[in-house]
Amino acid sequence: MSVDLESKRFMAIDPGSKHIGIALSDLSGTIAKPLCIINHTSREIDAIKIIQVVKQNKVAKIIMGLSMDAEGNPSLEGRSAMRLAEEIVNQGAVPVEYWDEDSTTNLAQEIYLQTGASKKRRKGHHDDLAAAILLQSYIENKKFTNSV
């Protein structure tokens, strides 16, 4: 698969043991929004599904959420995310960059609470919103570091 060099669209992945949250940026790569949740099946099948989303949306780069332990090393979940990223690169040849996903799920739950979302909605899966929070964090950081 070739990367669309004209596109500045990013995709974020918030990987979990049961669900994988997906978020996309707008075409200019400045605003993130939740897209979908993929139910985890296997690393290979998950990678195929993710690559389909990449192709459908002409994504230039994937931002993979990476959970870290207290020492700043990838946690067990982080190492699993790294293996998923390797599978995506091997199958799809799209660049993947890791980004610390610290507290994105908690922030997503807090957003639902603050916006008055129903109890049913708050108890649902927040993985796609967590991915959007992760992606917006990445975008804002890149915007700040590029302007300095």
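The values are calculated or read from the model by the stated rules, or taken from the named source; none is laboratory data. Predicted, not measured: the structure shown is a model, and the values here were computed from it. All Cβ positions, even for glycine, are placed from backbone atoms using ideal geometry, and neighbour counts span all protein chains on display.
Side notes on the structure shown:
- Residue that is at pLDDT below 80, hydrophobic (A, V, I, L, M, F, W, C) and surrounded by fewer than 16 Cβ atoms within 10 Å (Cβ to Cβ), where the choices are ALA108, ALA117: ALA117
- Checked against (1) acidic (Asp, Glu); (2) modelled with pLDDT of 95 or more; (3) out of contact with any helix residue (DSSP H, G or I) (no Cβ under 8 Å at 6 or more places or on another chain); (4) within 18 Å of LYS18 (Cα to Cα), GLU86 passes all but a single condition, namely (4).
- Residue match in the stretch 95-105 (condition: assigned to a helix (DSSP H, G or I), of a type in the set (A, V, I, L, M, F, W, C), touching a helix residue (DSSP H, G or I) at 6+ places or on another chain (Cβ under 9 Å) and at pLDDT below 95): no
- Here ILE37 passes the criteria (1) farther than 15 Å from ASP14 by Cβ; (2) in contact with a helix residue (DSSP H, G or I) (Cβ under 9 Å, 6 or more places away or on another chain) except the one numbered (1).
- One residue stands out in the stretch 10-34 among those that are surrounded by fewer than 17 Cβ atoms within 10 Å (Cβ to Cβ), in contact with a helix residue (DSSP H, G or I) (Cβ under 8 Å, 6 or more places away or on another chain) and assigned to a loop (DSSP other than H, G, I, E, B): the one that is modelled with the highest pLDDT, namely ILE31.
- Failed item, numbered, when MET64 is tested on (1) touching a Lys or Arg at 6+ places or on another chain (Cβ under 8 Å); (2) in a strand (DSSP E or B); (3) farther than 10 Å from ASP127 by Cα: (1)
- Pairs are defined by a Cβ separation below 7 Å, a sequence spacing of at least 6 or placement on different chains, a first member in the stretch 132-145 that is assigned to a helix (DSSP H, G or I), and a second member that is modelled with pLDDT of 80 or more and basic (Lys, Arg); the pairs so defined are ALA132/LYS33.
- Residue within the stretch 72-86 that is assigned to a loop (DSSP other than H, G, I, E, B) and buried (at least 20 other Cβ atoms within 10 Å of the Cβ) present: no
- Filter pass, ILE50 being touching a residue at least 60 places away in the same chain (Cβ under 8 Å) and β-branched (Val, Ile, Thr): no
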